Amino acid sequence: MAYYYYIKAFHLIFVITWFAGLFYIPRLFVYQIEAFHKPSPDKEILGKQLKLMAKRLWYIITWPSAILATLFAVWLLILQPYFLEQAWMQVKLGFVLLLLIYHLKTHQYFKQLQAGVVKKSSSFMRIWNEGATFILFAVVFLVILKSAINWIYGIVGILVLGVLIVLGFKIYKNIRAKNPEV
């Protein structure tokens with residue numbers, strides 16, 4: 001079963017590229033939304049370029065990475081089915097389900113912005129951008145720590161991280177209100 005580690009390596013590679021796409025696409029959404037509110041011709045020029053960038057990122061990197069990461073994960077679980085009996089793996093799979101929901105909701109935002117429909121603010125997208133970060137922290141802590149008490153501390157740490165990110169966002173918003181060039 002020497003190939004198990006190759007499958008695991010591919011799984012990790014595609015998880016990393018999937019998260020790279022999930023980290024960057026909401027940032028492009030922020031720029032698209034802000035470009036939408038600019039005067040012509042900036043609105044059209046920036047909008048067209050940002051739509052193209054988002055489309056390439058989403059369909060060439062993010063979606064294929066999500067599919068391949070999932071396929072390699074299923075393959076790993078088929079090879080090591082006893083992982084499914086472990087509490088940390090069950091919690092991890094719960095976070096993976098959350099990640100899939102986050103991905104699909106992000107896809108809805110992507111489709112709206114590709115159609116030129118702006119339903120959310122750039123501030124909302126800045127906060128949305130942190131969703132994948134929380135899930136990544138949770139999954140890494142679960143996989144590394146594995147024991148129940150340690151992953152509970154990890155989850156508490158994630159909640160603290162969330163509070164700090166929201167506070168940081170509010171501070172940045174205040175700074176940006178005073179100086180829009182920041």
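For (1) farther than 18 Å from G94 by Cβ; (2) surrounded by fewer than 17 Cβ atoms within 10 Å (Cβ to Cβ); (3) at pLDDT 75 or above; (4) more than 22 Å from the chain's Cα centre (by Cα), each residue gets a yes or a no:
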| position | (1), (2), (3), (4) |
| --- | --- |
| G131 | no, no, yes, no |
| V143 | no, yes, yes, no |
| G154 | no, no, no, no |
| V160 | yes, yes, yes, no |
| I165 | yes, yes, yes, no |
| G168 | yes, yes, yes, no |
| A177 | yes, yes, yes, yes |
| P180 | yes, yes, no, yes |
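Scanning the range 124-138 for residues that are in contact with a helix residue (DSSP H, G or I) (Cβ under 7 Å, 6 or more places away or on another chain) and part of a helix (DSSP H, G or I) returns M125, R126, I127, W128, G131, A132, F134, I135, L136, F137, A138.
Within the range 71-90, the set of residues being surrounded by fewer than 17 Cβ atoms within 10 Å (Cβ to Cβ) and in contact with a helix residue (DSSP H, G or I) (Cβ under 8 Å, 6 or more places away or on another chain) comprises W75, L76, L77, L79, Q80, F83, L84, A87, Q90.
Select from the range 1-38 the residues that are of a type in the set (G, A, S) and closer than 19 Å to Y102 by Cβ and write down the one among them that is surrounded by the fewest Cβ atoms within 10 Å (Cβ to Cβ). So that I can check it myself, show each step before the final result.
Start the filter on the range 1-38 by keeping residues that are of a type in the set (G, A, S), which leaves 2, 9, 20-21, 35.
Pick out the ones that are also closer than 19 Å to Y102 by Cβ and you get 20-21.
Numbers: A20: 15, G21: 21.
Taking the candidates together, the pick is A20.
The values are calculated or read from the model by the stated rules, or taken from the named source; none is laboratory data. Being a predicted model, the structure only gives us computed values, none of them experimental. FYI the Cβ positions are ideal-geometry reconstructions off the backbone, even for glycines, and counts take in every protein chain you see.
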